[in-house]
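Structure, as structure tokens:
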């Protein structure tokens, strides 16, 4: 079974600075997708960024980028120029690319990010 | 606008009572999912359905039941067999584009009183 581990229960960052959230996963699959979701205090889950395992290029979405290390099974999220609105719980998630249960997302435990003004 | 609607936002259950959480989507998505969120444990999959009239158990299905009679609807019943139902419940849906993640509802907070 696939597992996703976020080893940082809480992180903090000063406004305008950079922070990196860690995520590791365990899978025997070669084709899969990885995601970072943001859950602000409203508890609405928001997709931040996604990465396809067969693409070597790291995904980037404005101030958010990932460092995808397939061999190490590592998928970290970097937030640049942090803003107060970035404060939230962040979840790393894994999804198989095929098979009968391809749609299932497996989530990590989450990291609470605090942004200090 | 297309999206997922969960209702109610807050729900209170008495001991021994069954309650049903509603989840409706108008995104024309084939797959729908129910997750439970507890503090410090992330999201855990309860049930999922990839097609109408078919559904599968997730990792923590005991004490829950679902139905999928329509593509748009995937209600979750929390039965009296679920001994610790107090949690935040999230419904999600996904289309056939595998590169995309889910679209989530806004959640239901269930409390046992």
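The values are calculated or read from the model by the stated rules, or taken from the named source; none is laboratory data. Being a predicted model, the structure only gives us computed values, none of them experimental. Note: ideal-geometry Cβ built from the backbone for every residue, glycine included; neighbour counts use all protein chains shown.
Structure summary
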read-out: Breaking point among (1) at pLDDT 90 or above; (2) surrounded by 13 or more Cβ atoms within 10 Å (Cβ to Cβ); (3) closer than 14 Å to residue A:106 by Cβ, for residue A:3; value: (2)
read-out: Of the criteria (1) more than 26 Å from residue B:57 (Cα to Cα); (2) touching a strand residue (DSSP E or B) at 6+ places or on another chain (Cβ under 9 Å); (3) in contact (Cβ under 8 Å) with a residue 60 or more places away in the chain; (4) surrounded by fewer than 19 Cβ atoms within 10 Å (Cβ to Cβ), which one residue A:81 fails; value: (2)
read-out: Single residue of region B:93-113 satisfying the filter (outside any strand (DSSP E or B) and crowded, with 16+ Cβ neighbours inside 10 Å) that is farthest from the other protein chains (Cβ to nearest Cβ); value: B:105
read-out: Hits in region A:97-108 (condition: more than 7 Å from chain B (Cβ to nearest Cβ) and at pLDDT 85 or above); value: A:106
read-out: Single unsatisfied condition, residue B:13 versus (1) under 30 Å from residue A:3 (Cβ atoms); (2) in contact (Cβ under 8 Å) with a residue 40 or more places away in the chain; value: (1)
read-out: In region A:27-39, residue surrounded by the fewest Cβ atoms within 10 Å (Cβ to Cβ) [restricted to those that are modelled with pLDDT under 95 and more than 10 Å from every other protein chain (Cβ to nearest Cβ)]; value: A:28
read-out: Among (1) more than 14 Å from chain A (Cβ to nearest Cβ); (2) within 13 Å of the chain's Cα centre (by Cα); (3) in a loop (DSSP other than H, G, I, E, B) - the single one residue B:68 does not satisfy; value: (1)
read-out: Some residue of region A:50-60 being within 26 Å of residue B:37 (Cα to Cα), surrounded by 13 or more Cβ atoms within 10 Å (Cβ to Cβ), at pLDDT 95 or above and within 14 Å of chain B (Cβ to nearest Cβ); value: no
read-out: 2 or more residues over 14 Å from the mean Cα position of the chain (by Cα) and farther than 24 Å from residue B:45 by Cβ: qualifying strands (runs of 3 or more DSSP E) within chain A; value: A:10-14, A:111-116
read-out: Any hit, region B:74-92, residues being within 15 Å of residue A:106 (Cβ to Cβ) and outside any loop (DSSP other than H, G, I, E, B); value: yes
read-out: Residue count for region B:1-53, restricted to those that are over 24 Å from residue A:39 (Cα atoms), loosely packed, with under 12 Cβ neighbours inside 10 Å and within 14 Å of chain A (Cβ to nearest Cβ); value: 1
read-out: Residues (in contact (Cβ under 8 Å) with a residue 60 or more places away in the chain and either in contact with a helix residue (DSSP H, G or I) (Cβ under 6 Å, 6 or more places away or on another chain) or not in a strand (DSSP E or B) (or both)) located in region B:16-55; value: B:16, B:17, B:18, B:27, B:28, B:29, B:30
read-out: All positions within region A:40-49 that are crowded, with 18+ Cβ neighbours inside 10 Å and more than 7 Å from every other protein chain (Cβ to nearest Cβ); value: A:48, A:49
read-out: All positions within region B:69-87 that are touching a strand residue (DSSP E or B) at 6+ places or on another chain (Cβ under 8 Å), more than 16 Å from residue B:58 (Cβ to Cβ) and at pLDDT 95 or above; value: B:72, B:73
